[in-house]
Amino acid sequence: MDDFYACIKDGFLNLNTFSDSFKKSIEELEPGSFVVALKGYEKDVAKKMYLSMWRRPNCVNCFVAKVEMEGLISKMRALGYVAKVQETEVKDEGAAASTA
């Protein structure tokens with residue numbers, strides 16, 4: 001889920017943003033459009049856990065409206081996914097509250 005979450009961003013995403021296995025999969029693609037599906041939801045079209053992406057030489061770009069991006073992030077949270085950045089922020093807030 002980390003790689004799928006990393007795709008849900010504005011602008012160009014450097015390939016180093018992703019795990020080695022996902023990065024390798026992207027590097028094998030020709031420049032142009034491709035679809036990323038959340039693992040485990042490849043055949044569940046009703047859940048709509050897909051992203052339209054564009055491959056460039058050293059980066060990718062997500063072609064999904066911001067409103068849809070927010071909806072996908074919300075669905076991921078409902079599935080129990082918490083981004084590593086969010087986990088760190090929650091821990092930091094807890095530590096700040098306990099020292100106050």
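Exceeding 18 Å between C-alpha atoms, which entries from my cross-link table qualify? They are Lys43/Lys66; Lys48/Lys75; Lys24/Lys84; Lys9/Lys43; Lys24/Lys48; Lys9/Lys47. The pairs that break the limit, which is 18 Å between Cα atoms, are Lys43/Lys66; Lys24/Lys84; Lys9/Lys43; Lys24/Lys48; Lys9/Lys47. Of all accessible surface on region 18-84 at a 1.4 Å probe, what whole percent is carbon and sulfur? Answer for region 18-84 is 54 percent, counting heavy atoms of protein chains only. In this structure, Val82 and Glu28 have a Cβ-Cβ separation that, at R0 = 30 Å, corresponds to a calculated FRET efficiency of about 0.50.
The values are calculated or read from the model by the stated rules, or taken from the named source; none is laboratory data. Since this is a predicted model, take the numbers as computed values, not measurements. Heads up, the Cβs are rebuilt from the backbone with ideal geometry, glycines too, and the neighbour counts pull from every protein chain shown. Accessible surface is based on the protein model in full, side chains and every heavy atom, while ligands, DNA and RNA are left aside. Shrake-Rupley method; radii C 1.70, N 1.55, O 1.52, S 1.80 Å.
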